[in-house]
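See below for the structure under consideration.
The values are calculated or read from the model by the stated rules, or taken from the named source; none is laboratory data. As the structure is a prediction and not an experimental result, all values here were calculated from the model. Here the Cβ positions follow ideal geometry from the backbone for every residue, glycine too, while neighbour counts run over all protein chains shown. Just so you know, the surface numbers come from the protein's heavy atoms only, side chains and all, with ligands and any DNA or RNA stripped out. Shrake-Rupley method; radii C 1.70, N 1.55, O 1.52, S 1.80 Å.
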Amino acid sequence: MTMAQNTKLFSGVSVLFAIVEAGTIAGAAEALDLSPSGVSRALQRLEQRVGARLLARTTRSLSLTDEGRRFYEEVGPHLAGIEDAATRAASSTQKVQGRLRINIDPYFSRVVLAKHLTSFLAQYPELSVQLIMRDSTGDLVADGFDLALRFGEPPVGSFVARKLTETRVITVASPAYLKRHTKPRHPKEVEKHDCIDFYDAANGRPYEWEVRRKKEVVPLRVKGRLLVSDSGTLLNACEAGAGIAQILEIGCEQLLRSGRLVELFPDWSDERFPLYAIYPSRHHRAAKVRAFIDFVIKILGDNERGS
């Protein structure tokens, strides 16, 4: 049976149930906002599809035939279940509830989001959250994700992408490291220092280093004995004096304000990295998705204000 045939059958069943509940064709037509002739035609099509007369019609009354009663009793629970499911689905677009499954960038989850999760969960007690760290967006629908939160340009495909913010890529070192080594005055001097590389899992190699000042781009060929794939390890090792690192400014504002990390080249920090919320469809976006995106936007605003 095709989708169109299924739709017509379901429509006919709904008409039959409306007639039984209203007791008349006219009453069913008013309840369904249809014309009486439209209701009669829908009933006739259903009877033709089923191959049996479902209603005994006289000039004064309507009643279910034996076949109609069996059909009504067998289909009734299924129709009620469909209506309940439709009601629950409709309410999910208005109420923040259920399970929210997010494909999330590991850096953002650990450095920015984690300390705010208690507040989000307290705000929505009927919601459970699954944060799944992935190296790429992948197939959100096939993997069962409601949305993704990823740095970098969004993938090409049937996604809806909303840019939430842009963050600077900055070159930093700790006071302990700078005390032991001469502070580089120009970005190219970084090539003579111990550097901490960050592993780009999506491409299977360390991230390439560069600095930008307006349209001027300077690539850096750094050397170092430490390569990490975890953002927390990168920040902790850099703060401990293991070497110079390139980091995203977002989530590290307090480290910079407190002086635990020092930005080396403020004039060479025009490289920007976007953060996107990515979800499968712009239509019927559930309330839980909207609530999470709004919450992330608030966090980003608080970070910028230093609160």
Between GLU74 and THR182, what length in nm is gained on full extension when 0.36 nm per residue of separation is reduced by their alpha carbon distance? 30.5 nm
Lys, Arg +1 and Asp, Glu -1 on Cβ, resulting dipole of the chain about Cα centre, debye, nearest 20: 420 debye
Strictly over 18 Å apart at the Cα level, which of LYS95/LYS298; LYS115/LYS298; LYS183/LYS214; LYS183/LYS223 would you flag in this model? LYS95/LYS298; LYS183/LYS214
Would you mind pulling out the separation of the Cα centroids of the stretch 93-130 and the stretch 177-200, in Å? 37 Å
Evaluate the distance, in nm, between pseudo-label points positioned 7 Å from the Cα of GLU21 and of ASP230 along their respective Cα→Cβ axes. 5.7 nm
Hand me the trypsin sites (Lys or Arg not before Pro) from the stretch 181-267 located in a DSSP loop with no more than 12 other Cβ atoms within 10 Å, in residue order please. ARG185, LYS214, LYS215, ARG221
Positive-end extreme of charge dipole, the chain - chosen from LEU117, THR137, LEU275 (charges on Cβ): LEU275
Under a straight-distance cross-link criterion of Cα-Cα below 12 Å, which aspartates and glutamates are reachable from LYS188, leaving out those fewer than 8 residues away in the same chain? GLU210
Can you check what the Kirkwood hydrodynamic radius comes to for the chain, Cα pairs only, in Å to one decimal? 24.2 Å
Here the relative contact order (percent) of the chain, from C-alpha pairs under 8 Å and at least 6 apart, is 21 percent
When the convex hull of the C-alpha atoms of the stretch 103-215 is computed, what volume per residue in Å³ does it have? 167 Å³
In this structure, the FRET efficiency calculated for LYS215 and GLU304 from their beta-carbon separation, with R0 = 22 Å, to the nearest 0.05, is 0.30
Could you provide, to the nearest whole Å², the per residue accessible area of the stretch 95-139 with probe 1.4 Å? 52 Å²
So for the pair ARG272, PHE151, with labels modelled 7 Å out along Cα→Cβ, what separation do we get in nm? 1.6 nm
Considering all alpha-carbon pairs of the stretch 205-307, what whole percent are spaced by more than 17 angstrom? 66 percent
Cβ crowding within 10 Å averaged over residues, with 200-207, 290-297 ranked highest first: 290-297, 200-207
Over the chain, what percent of the accessible surface lies on carbon and sulfur atoms, probe 1.4 Å? 50 percent
Below 8 Å between Cα atoms, with a sequence gap of 6+, how large is the relative contact order for the stretch 185-270 in percent? 35 percent
How about LYS179: which aspartates and glutamates have a C-alpha closer than 15 Å to its C-alpha, ignoring those fewer than 8 places off in the same chain? ASP194, GLU239, GLU263
Counting pairs of alpha carbon atoms under 8 Å apart in space and at least six apart in sequence, what relative contact order in percent does the stretch 132-233 give? 22 percent
